Amino acid sequence: MNTLDWFRKAVIYQVFIDRFNGFKETGNSPGFLGGTINGVLQKLDYFVELGINVLWLSPFYQTLNYHGYHITDFKKVDSHFGTEDDLKRLIREAHKKGLYVIADFVPNHCSYQHPFFRDAQHNKNSEYHDWFIFENWPDRYRCFLDFGELPKLNLNNREARNYMLGVADYWLSLGLDGYRIDHAIGPSHGFWKVFRKTMKAKYPKAVFIGEVWCDGLDKKLIKTTGLKNKTHKRKFGISQEGIQLEYYGELDGVLDFALNNILVEAVKNGEDLQSNKDLKSKIRKHFQQVPTDYIMVTFLDNHDMDRFLLHCNGDIQVMLNAFETLLSTGQPVVIYYGTENCRYNKVPIHNSIPHSDLAVRAPFDWDGINRQFVEGFKNLITKYRNQENQ
């Protein structure tokens, strides 16, 4: 049995911890609303009933922001979300129910309030000075794209690299089954080769899936990444399909943004997903480029983009047809929390509008579940499982 067979045809549920369950208040606030790890634990039976077999947790590390990506301590669970014991309990109970648990891993950057960066910025002789990339100390430094509040870690520095490898090892040692890797294009390919060799030696069954996403990446920001042939990419642009294949042999797979683009374009154009031969041919050609031992994790939407139902103009059957199309690829499929309840933003989100993304990060409406919608997803997953077992 291949060590990753458990993941190859997984149905994954993306949990945004602060917005999923256990919140103290609701609404579209950019602050913490109170969702917790224990809130996720309370819904394990919901996942099982839906047909999920892998949970994907948003970052639970100590952070300044509700979404978890502005990390101030990589080795602590943020108190807003709970405790390390809560996390251990969730992993343990999920495993008992046949659920695997992966988590967001954020190795590229930290918060500008992280003690390591604060020390490096205020002390030129800091032991952490070379953990970051200062272009003109103390105020000009490489960061995550152009977000100054997220300084980029210099993972080519041996100490910084070993620290982050230690972080990855620590949380896997608690029982996590792998990582979805945030902004995997940030660290160098050299880092990923070391990461893979180190982690697989100790955790051969763990899965490592990269967020390799370059749509709309400004050419001037390519320098903040670890991509190959940066000069060529600045001159000629970046192919999403091509960039996904760049990590073959370093990661187990990537989130399939290229396929997502194909589906979004199709539904926007009003194409029939069930009978359109050109669309099926396009999808087939997409997968023909992919090595058989490289995993393409498919999805309709996530926390950084419009809910898929917006592209469908609210037509739930169109969205179900799209979900069935993903299941038919034989690759892992992600359900972003709430998508199965057919909640969606009526106005597109836009990077130029502050907190625009809150529209796709609303608290899960446990009092407003439409069983018919949820059953639609459940029935497709059940059909998929039955076909697998025939």
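The values are calculated or read from the model by the stated rules, or taken from the named source; none is laboratory data. From a predicted model like this one, the values you see are computed outputs, not experimental measurements. Note that we place each Cβ from the backbone using ideal geometry, even for glycine, and neighbour counts take in every protein chain shown. Heavy atoms of the whole protein, side chains included, go into the accessibility calculation; ligands, DNA and RNA do not. Shrake-Rupley method; radii C 1.70, N 1.55, O 1.52, S 1.80 Å.
Among the strands (runs of 3 or more DSSP E) contained in the range 1-86, which hold 1 or more residues that are of a type outside the set (A, V, I, L, M, F, W, C)?
11-15, 61-63, 71-77
Kindly provide the set of residues from the range 367-378 that are surrounded by 13 or more Cβ atoms within 10 Å (Cβ to Cβ) and of a type outside the set (K, R), ordered by number.
Answer for the range 367-378, where residues must be surrounded by 13 or more Cβ atoms within 10 Å (Cβ to Cβ) and of a type outside the set (K, R): I369, N370, F373, V374, E375, G376, F377.
Filter the range 304-355 for residues that are of a type in the set (A, V, I, L, M) and either touching a strand residue (DSSP E or B) at 6+ places or on another chain (Cβ under 7 Å) or outside any helix (DSSP H, G or I) (or both) and give the result.
Residues satisfying the conditions are M305, L326, L327, V333, V334, I335, V347, I349, I353.
Can you tell me which condition D293 does not meet? The list is (1) in contact with a helix residue (DSSP H, G or I) (Cβ under 7 Å, 6 or more places away or on another chain); (2) within 23 Å of Q387 (Cα to Cα), and all the others hold.
(1) is the only condition that D293 fails.
Does the range 177-217 hold any residues that are charged (D, E, K, R) and under 14 Å from A103 (Cα atoms), and which are they?
Hits for the range 177-217 are D177, R180, D182, E211.
Being under 28 Å from I295 (Cα atoms), open to solvent by 10 Å² or more (accessible area, probe 1.4 Å) and within 21 Å of the chain's Cα centre (by Cα) is true for just one of D45, D5. Which residue is that?
Answer to the check: D5.
The conditions are (1) touching a residue at least 60 places away in the same chain (Cβ under 8 Å); (2) touching a Pro at 6+ places or on another chain (Cβ under 7 Å), and L174 fails exactly one of them. Which is it?
(2)
Look at K228 and say whether it is in a helix (DSSP H, G or I) and either of a type in the set (K, R) or touching a residue at least 24 places away in the same chain (Cβ under 8 Å) (or both).
In short, no.
Got a sec? Which of Y141, Y163 is in contact with a strand residue (DSSP E or B) (Cβ under 6 Å, 6 or more places away or on another chain) and of a type in the set (S, T, Y)?
So the residue among Y141, Y163 that is in contact with a strand residue (DSSP E or B) (Cβ under 6 Å, 6 or more places away or on another chain) and of a type in the set (S, T, Y) is Y141.
Within the set of pairs 6 or more residues apart or between chains, which connect a residue that is on the phi < 0 side of the Ramachandran plot inside the range 124-148 to a residue that is surrounded by 12 or more Cβ atoms within 10 Å (Cβ to Cβ) and among the small types (G, A, S) with Cβ atoms less than 6 Å apart?
Between residues of the range 124-148 that are on the phi < 0 side of the Ramachandran plot and residues that are surrounded by 12 or more Cβ atoms within 10 Å (Cβ to Cβ) and among the small types (G, A, S), the close pairs are S126/A120; Y128/A120; H129/A120; W131/A160; F132/A120.
Going by what's in this entry, would G338 be described as surrounded by 17 or more Cβ atoms within 10 Å (Cβ to Cβ), more than 21 Å from the chain's Cα centre (by Cα) and over 20 Å from L279 (Cα atoms)?
No, not satisfied.
Residue by residue through the range 87-115, note down the ones that are over 22 Å from W6 (Cα atoms) and either open to solvent by less than 40 Å² (accessible area, probe 1.4 Å) or assigned to a loop (DSSP other than H, G, I, E, B) (or both).
V106, P107, N108, H109, C110, S111, Y112, Q113, H114
Give the range 232-261 a look and list any residue that's open to solvent by 20 Å² or more (accessible area, probe 1.4 Å) and under 16 Å from C312 (Cα atoms), or say none.
N261
Scan the range 197-218 for residues that are out of contact with any helix residue (DSSP H, G or I) (no Cβ under 9 Å at 6 or more places or on another chain) and not in a loop (DSSP other than H, G, I, E, B) and jot them down.
K197, K200, A201
Conditions (1) among the hydroxyl-bearing types (S, T, Y); (2) under 17 Å from L155 (Cα atoms); (3) in contact with a helix residue (DSSP H, G or I) (Cβ under 8 Å, 6 or more places away or on another chain), marked per residue:
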position	(1), (2), (3)
H70	no, no, no
K76	no, no, yes
H95	no, no, no
N108	no, yes, no
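Collect the residues in the range 191-214 that are open to solvent by less than 10 Å² (accessible area, probe 1.4 Å), free of Cβ contacts under 8 Å to residues at least 60 places away in the same chain and among the β-branched types (V, I, T), keeping them in residue-number order.
Correct list: V212 only.
Exactly one of (1) within 29 Å of S29 (Cα to Cα); (2) open to solvent by 50 Å² or more (accessible area, probe 1.4 Å); (3) among the aromatic types (F, W, Y) is unmet by Y61. Its number?
(2)
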